[in-house]
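Comments concern the structure below.
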Amino acid sequence: MTTSFFGAGSSFERNRRPPPPGPAAARAPSLSEVDFERSPFLVIWETTQACDLACVHCRAEARPERDRRELSTVEAKALMRRVRSFGRPLFVLTGGDPAKRPDLVELVAYGAELGLRMGLTPSGTPLVTPELIAELRSVGLSRLAVSLDGPTPAQHDGFRGVDGSYDWTLGMLKAAREVGLSTQVNTTVSRRTISDFEAMAKLVDGLGISLWSIFFLVPTGRARMEDLPSADEVERIFERMYELSAEVPFDIKSTAAPQYRRLIVQKQVEERREGSRSAAPSPMTAGVGFSLSDGVGRARGVNDGNGFLFVSHRGDLYPSGFLPLAAGNVRDQDIVNLYRDHEMFRTLRDPHRLKGKCGSCEFRSICGGSRARAWALTGDPLESDPLCTHVPARYRKRVERGEAEGVQAYFANRIPGWGHRAGSPPRKSAQLPVLPSAVLSRWDRSRRDGTDES
Ligand code: SF4
């Protein structure tokens, strides 16, 4: 879906000449040094829409056949060269199923030779054999990420729409382990799967992974608003993620829920006050596994269009795969210029442009809410993310002064059908500590100058 964000009259200069590679290309900065105004941490390319699965929530609305308008091998290599001029972002080949492309190994080898850190998210099908995994590892793949959405074959296969996907997925993880390839498991939290969380945590604990990425549903593609869990349910999952992160030997992160970083900081401030934590609070340092050994790492505050880019199979450039607002197309426009200069990307990176309680929030620089979920539910990517229990003190005061609507009325007035979800008042986060202003100003400063003091 290609949608203009600001329409005609945008200040974006379409034909500007791409600048020569700057110092970022000459020196690979540490991940925490990446200045998101200049470079993304993560670039995801949807290699194809083709996929043999039929997942109930599929973002890509995938189908078995490839689209003739996909980027060609030559175009994909040109894209990777331009991405390399950002520095060394993580470049992830996703889909659909990237294993449906016959040039997969060639593309991974090319990106690795350029110096990109290459990731791959194939679908759980028989297309990815142990031999293919070994070959991908040998040409420079840094990490293999697979989706596991249920703790049993019946639950996972029901979610993915094809019998056997669970076993194929576990087989891929085993094959990767055997050749020493780092792995990641992606798990979707929706109303349908949320009660399986503890069983999922037990399952992934035995898989030898580097990272468990927990994705909180965005109602785009085949996903529906009815599939969304409530903000309270999500907060309880965050709390379990935080507890687990101190126990398990791998990293745990949220995807499409930056408000988990808010909870991490609130917990750490609380622990510091109680004397059980000596280090300064930081959203980068939850748990024991935050420092990853495979060099892929994790950035400090990625959000849609802010440290994050998504290129569709036809070359359209989006802030993320769940925010399908096209800034341009990489076939005839420069990805570097688009990311740095396009009005939409600049706006998404500016926390002062946020609306509602996200706009009044003391955590907006490290969180900012999911811009994709705000857009999917309200049609405005700058609106508040409703899957967050936190109500900033500044927003409460605005409500008391009659300058803003109460939280439930705010969302009911902007999200069709939201009214029936009202009545779940802010719970735990209201009891968590207020963030010290010194910590906040440090993050604001590090965000502006591209350094990280955590
Ligand atoms: S109110 Fe918005 S910015 Fe603040 S923590 Fe929640 S989602 Fe993040």
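Read the figures in this text as sums done on the coordinates, not as results from a lab. Here the structure is a predicted model, which is why all the values come from computation and not from measurement. All Cβ positions, glycine included, derive from the backbone under ideal geometry; neighbour counts span all protein chains shown.
With 10 angstrom as the radius, rank 334, 167, 97 by how many other C-beta atoms surround their C-beta, starting from the fewest. Intermediate values should be presented prior to the final figure.
Details: 334 20, 167 14, 97 25.
Fewest-to-most ranking of 334, 167, 97: 167, 334, 97.
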Treating only the Cβ atoms of Lys and Arg (+1) and Asp and Glu (-1) as charged, compute the dipole magnitude of the stretch 350-391 about its Cα centre; round to the nearest 20 debye. 20
How much length would be gained if the chain were fully extended between residue 179 and residue 202, taking 0.36 nm per residue of separation minus their Cα-Cα distance, in nm to one decimal? 5.9 nm
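Between residue 163 and residue 103, how high is the FRET efficiency from 1/(1 + (r/R0)^6) when r is the Cβ-Cβ distance and R₀ = 30 Å? Nearest 0.05.
0.55
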Label model pair residue 81, residue 353: point-to-point distance (7 angstrom along the Cα→beta-carbon line) in nm is 3.1
Using only Cα atoms, locate the centre of the stretch 88-123 and the centre of the stretch 334-406, then give the distance between them in Å, rounded to an integer. 32
With a 10 Å Cβ neighbour count serving as the proxy for reagent exposure, in which order, fewest first, do 127, 228 appear? 127, 228
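Is the shape of the stretch 62-211 best called rounded, prolate or oblate, per the rule: a/c under 1.5 gives rounded, else a/b larger than b/c gives prolate, else oblate, with a ≥ b ≥ c the square roots of the Cα gyration tensor eigenvalues? Write out the running numbers ahead of the final one.
Numbers: a/c = 1.91, a/b = 1.60, b/c = 1.19.
Prolate.
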Could you give the length gained on full extension between residue 129 and residue 69, defined as 0.36 nm per residue of separation minus the Cα-Cα distance, in nm? 18.9 nm
At R0 = 30 Å, FRET efficiency that the Cβ-Cβ distance of residue 243 and residue 152 yields, to 0.05: 0.80
Can you pull out the GluC sites (Glu not before Pro) in the stretch 207-278 whose DSSP state is coil and whose Cβ has at most 12 other Cβ atoms within 10 Å? 247
Sum up the charges of everything whose Cβ sits under 14 Å from the Cβ of residue 138, counting Lys and Arg as +1 and Asp and Glu as -1, but leave residue 138 out. -4
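Assuming R0 = 25 Å, can you tell me the calculated FRET efficiency for the pair residue 380 and residue 331, based on Cβ-Cβ distance, to the nearest 0.05?
On the way: r = 29 Å, r/R0 = 1.14.
Once the sixth-power term is evaluated, E becomes 0.30.
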